[in-house]
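First comes the structure, then the notes that go with it.
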């Protein structure tokens, strides 16, 4: 049963804590707002753009950005070369980021490793879903009834290796990123 409201759970954390549909949505939204604030991703009165790929990550990102902008003085827009914006939000998740870290370490390209919640390119690129697993983002998209295209799983050796590690040692993806974050300070 859900620890908070004693209804049937839809998600169980590795520590056996369970959440129902509404508690999970609330957890997801609050954690995203925490990520945005912790890393100073969005400042007041900024315009946030995103690329719409119609996958579950992008639809969850769009939903979160609209919720955030509804509570702040910022705006959200779909990416277009003709539109002006202050930040570009991308839908990178913990799975994608941990895979990149391990890939660069294995290939010996650690000097090229740029896995952070904020990246400075032509515009500042932000990753509000940075600390979420793909499974959590997918569940959020389904619980919110967001319409998205199912994507085929891209199988490669690194991804398979990390997923096998995650099965045997839950939280390994979080540990990879948390270790990386502890080395660097990404706040502006």
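The values are calculated or read from the model by the stated rules, or taken from the named source; none is laboratory data. What you see is a predicted model, and the numbers here were worked out from it, not measured in a lab. As a convention, Cβ positions derive from the backbone with ideal geometry for all residues, glycine included, and neighbour counts pool all protein chains shown.
Among the residues that make up segment 13-20, is at least one of them within 23 Å of residue 145 (Cα to Cα) and modelled with pLDDT under 90?
Here is the first cut: in segment 13-20, the residues within 23 Å of residue 145 (Cα to Cα) are 13, 18-20.
If we keep only those that are modelled with pLDDT under 90 as well, we get 13.
Checked segment 13-20: at least one residue is within 23 Å of residue 145 (Cα to Cα) and modelled with pLDDT under 90.
Only one residue in 14, 93, 7 is surrounded by 14 or more Cβ atoms within 10 Å (Cβ to Cβ), touching a residue at least 40 places away in the same chain (Cβ under 8 Å) and either farther than 30 Å from residue 156 by Cα or out of contact with any strand residue (DSSP E or B) (no Cβ under 6 Å at 6 or more places or on another chain) (or both). Which one?
Of 14, 93, 7, the one residue that is surrounded by 14 or more Cβ atoms within 10 Å (Cβ to Cβ), touching a residue at least 40 places away in the same chain (Cβ under 8 Å) and either farther than 30 Å from residue 156 by Cα or out of contact with any strand residue (DSSP E or B) (no Cβ under 6 Å at 6 or more places or on another chain) (or both) is 93.
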Open item on the list: Could you go through segment 107-115 and let me know if any residue there is surrounded by 18 or more Cβ atoms within 10 Å (Cβ to Cβ) and at negative phi.
Closed with: yes
